[in-house]
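One structure is given here, and the rest of the page talks about it.
The values are calculated or read from the model by the stated rules, or taken from the named source; none is laboratory data. Just so it is clear, the structure is predicted and the values come from calculations on it, not from any experiment. Methodologically, a virtual Cβ is constructed for each residue, glycine included, from the backbone with ideal geometry; neighbour enumeration extends over all protein chains shown. The accessibility values were calculated without ligands, DNA or RNA, using every heavy atom of the protein model including side chains. Shrake-Rupley method; radii C 1.70, N 1.55, O 1.52, S 1.80 Å.
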Amino acid sequence: MYIEQGRKGSIGLWKYLFPPIGFLGLMALNILMALQGGTETEAMMHEQIEKLGKPIFFLIAVGPFVVFLGALFFWVKFVHQQRITSLTTVRKKIDWKRVFFIFTLMSMYIIITTGIDYWMTPEQYELNFELKPFLLLLVMAILLIPIQTSFEEYFFRAYLMQGLGLATKWRWVPLVVSPIIFGLMHIANPEVAKLGPVIMVYYIGSGLFLSIITLMDDGLELALGFHAANNLVTALLVTSSWTAFQTDSILLYNGAPESALEIVLPVCIVFPVLILILAKKYKWTGWKGKLFGRVLPSYTTAE
């Protein structure tokens, strides 16, 4: 099973402490600086965009994740002596069909729902498309956003969940703890200031959804594809003045944020439907054991 994959390397539970302390420490410092700055996150963001321009601001926001992912892979390979494949899946090799299936599914959902909303409330949108800035965004986004989302998945759904599971011997601990930490990581996002603390339900709910599909599928492939589609397609298609990603997207949303719709639709409807689709397609069984059971004393493999 997936959590037991951590035993394929040199365990030493103390080794699992340093990456979380380092990364979460940086995040805590970032949040502290934002709180002490005395300026609203959105205002600070727009001030930086005015000085640097959207492409440079985007590069500064997403670029460090290249270093984060490289550092995490280095730590796993040379300190834990664990293969990246075993950090990713119980299968003999990474199943890219799973990645592309959910990437396509999620991309279609974002495009269709955005198109419907644009058709129903065109007054809330502004056509923002300019060829040269968009092409630059397209190249940067395709190169950098999958790295950003992959780091978050490898850190929260892979490394952290395997470490917590091996340390506590229970699957429900990483299932619950990882999404909470994932949600708290977003607390300095401008969406939180705009929508209020209720948006944390969405962030934690997203983390819980990704944890469920990772544990049930015994692999990270579905989470990798979902997260990449969510961030990449959204960054290219639509942005607004109060979101974390500020890009030269096709559309600019000028409407007031609606916290109820933003939270209820994905957490209560979209995520459960996606779980049902994936469960049927990949024939998931043993829900109770995989999500809440004890961590086995050895690992198993799957074809």
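A few points about this structure:
- Exposure rank, largest accessible area first [Trp242, Trp75, Trp119; 1.4 Å]: Trp119, Trp75, Trp242
- Cβ charges +1 (Lys, Arg) and -1 (Asp, Glu), total dipole of the chain, debye: 1840 debye
- Anisotropy class assigned to the stretch 109-249 is prolate, per the alpha carbon gyration tensor with a/c at or over the 1.5 cut-off and a/b larger than b/c.
- Of all lysines in the structure, the ones whose alpha carbon falls short of 22 Å from that of Lys51, not counting any fewer than 8 places away in one chain, are Lys132.
- Cα-based shape type of the stretch 140-185, given that a ≥ b ≥ c are square roots of the gyration tensor eigenvalues and the cut on a/c is 1.5: prolate
- Normalised alpha carbon radius of gyration of the chain [divisor 2.2 N^0.38 Å]: 1.01
- With the helix formula -39500 (n - 2.57) applied to DSSP H stretches of n ≥ 4, the chain reaches a computed 222 nm mean residue ellipticity of -19500 deg cm²/dmol.
- Computed accessible area, Leu135, all protein chains, 1.4 angstrom probe, square angstrom: 80 Å²
- Restricting the calculation to Cα atoms, the stretch 203-246 yields a radius of gyration followed by a Dmax of 12.5, 38 Å.
- Residue pairs, from the table Lys194/Lys280; Lys194/Lys290; Lys77/Lys280; Lys92/Lys290; Lys93/Lys281, whose Cα atoms sit over 27 Å apart: Lys194/Lys280; Lys194/Lys290; Lys77/Lys280
- Under-5 Å amide H pairs with Val238, H placed in peptide plane, nonlocal only: Ile250, Leu251
- Counting Lys and Arg as +1 and Asp and Glu as -1 over every other residue whose Cβ lies under 14 Å from the Cβ of Glu126, the net charge comes to -4.
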